[in-house]
Amino acid sequence: MTELRPLAEVSDTSVFGSKAVGLGHALRDGLPVPPGFALAGPLVEAVAAGDEAAVERVASAVRPLGGPLAVRSSAVDEDGADASFAGQHLTLLNVPSADELGKALREIWWSANSDSAISYRKRVGLFTRPSVAVVVQVLLDPECAGVMFTRNPINGADERMIEASWGLGEAVVAGLVIPDSYCVARDGQVRERRAGLKRIAIRGLPGGGTVEDEVAPELVERLCLAGSRLDALNELARRCEEAYGPDRDIEWAVADDTLYLLQCRPMTKMGGA
Amino acid sequence: MAGAPAEALRRVPLFADLDDDQLAQVALLFKERDFTAGETVVKEGVDGAAFFLIESGEAKVTVRGAERASLGPGDHFGEIALIDEGVRSATIAAMTDLVCYGLTLWEFRPLVIANGEIGWKLVQSVAKKLRNAELS
């Protein structure tokens, strides 16, 4: 079953895409990544085409993970040096179980083959057939989540820049809230912490999909991260830099009192030094 | 294996001259694509990447904001994009939940390149369309 592998065994970007391989690398380095599988492009395409054997093969392999699931594209040319595909390829959060994966994979396959994705491919000089690999992971129910740059992306200073909000990190990534922002020196000293305005939290619905929940008034301007969490994030940044090299763009979440790494990719913008 | 129903594809002028085996090959390349009510299916002015055949549901066609037509089961749109990779000439929005079969240029092009007979019939079909347009 070379087209479907546990994330920890994934290492070939030309088969599984950089997102899946990055998570595989992280797991092998002992980083706290939610468990999951990577599906190669041809398998995703077979499922999208309604091939029943492929649908069953994926469902039976993924079923032991339980649910709900987060399903993310990991197209083989996604996150390239010159093209990010940000917003082009779909992420489906809270797919209730492995038995609903067929429809989810079809939607993701079409998102990479939609008019807007193809227009984008033309614009960035990648007018080739997309190979849509996918990552399927257990979906966390985070108390808070967000993003972290291991170096200041504006001025290049050697400090961690962290943004955080309540619930799933998509509220931060999609710009639905003004997140809390933190600046932490490499030695752990907190240089700045500023509370945001977090009126919305994205959370999973029992039957699948997500909802934008109103945040309780007393939490809207309360900081999500205490000092110990900032220490843990600083340590995660250090371990990610050790594993992947400097200047990382990290997505993280805190669930059940544990800090998880959701994604780690190279920073694409650098202002100063 | 799924794919689109061949009998529905037979009514698409671009595919009308294909024989049963050829049509079956084309039909197998289609994948189901679902849209929810209110969703934009294709947008005027955006590069087209796929041809769609409606299986169920209703859609509305607008050009520069003006409503031009309604589409329902068996109707189709976007076949020229498979060949010229050009921009959409209209916006189509799902009025109800919409189930379509879609064929992208990535699947269609290799089939035509590999099968000269299918390619020739498609050229004839496009020529017929051009002649009809000149006469009208």
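Table for the structure above
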| quantity | calculated |
| --- | --- |
| Matching residues in the stretch B:1-39 - criterion: being over 14 Å from the mean Cα position of the chain (by Cα) and charged (D, E, K, R) | B:Glu7, B:Asp17, B:Asp19, B:Asp20, B:Asp21, B:Asp34, B:Glu39 |
| Any hit, the stretch B:86-95, residues being in contact with a strand residue (DSSP E or B) (Cβ under 9 Å, 6 or more places away or on another chain), within 14 Å of chain A (Cβ to nearest Cβ), surrounded by 14 or more Cβ atoms within 10 Å (Cβ to Cβ) and under 25 Å from B:Asp21 (Cβ atoms) | no |
| Residue check, A:Ala83 under 21 Å from the mean Cα position of the chain (by Cα), farther than 17 Å from A:Ala61 by Cβ, at pLDDT 90 or above and not assigned by TED's automatic domain parsing to the domain that holds A:Thr258 | no |
| Entirely in the stretch A:167-273, the helices (runs of 4 or more DSSP H) that have 1 or more residues that are closer than 30 Å to A:Gly66 by Cα | A:170-173, A:227-244 |
| Enumeration of residues in the stretch B:39-72 that are within 14 Å of another protein chain (Cβ to nearest Cβ) and farther than 18 Å from B:Leu28 by Cα | B:Glu39, B:Thr40, B:Val41, B:Val42, B:Lys43, B:Glu44, B:Gly45, B:Val46, B:Asp47, B:Gly48 |
| Pick from the stretch A:118-135, criterion assigned to a helix (DSSP H, G or I) and surrounded by 22 or more Cβ atoms within 10 Å (Cβ to Cβ), ranking: nearest to the other protein chains (Cβ to nearest Cβ) | A:Ile118 |
| A:Arg151 vs. criteria away from chain B (no Cβ under 14 Å), within 21 Å of A:Val177 (Cα to Cα) and of a type in the set (Lys, Arg) | no |
| Some residue of the stretch B:73-84 being within 14 Å of chain A (Cβ to nearest Cβ), under 27 Å from A:Gly50 (Cβ atoms), in a helix (DSSP H, G or I) and under 14 Å from the mean Cα position of the chain (by Cα) | yes |
| Condition met for A:Ala48 (of a type outside the set (Asp, Glu), touching a Leu at 6+ places or on another chain (Cβ under 9 Å), in contact (Cβ under 8 Å) with a residue 24 or more places away in the chain and within 14 Å of another protein chain (Cβ to nearest Cβ)) | yes |
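The values are calculated or read from the model by the stated rules, or taken from the named source; none is laboratory data. Nothing here was measured: the structure is a model prediction, and the numbers come from that model. Counting neighbours? That spans all protein chains shown, and the Cβs are built from the backbone with ideal geometry, glycine included.
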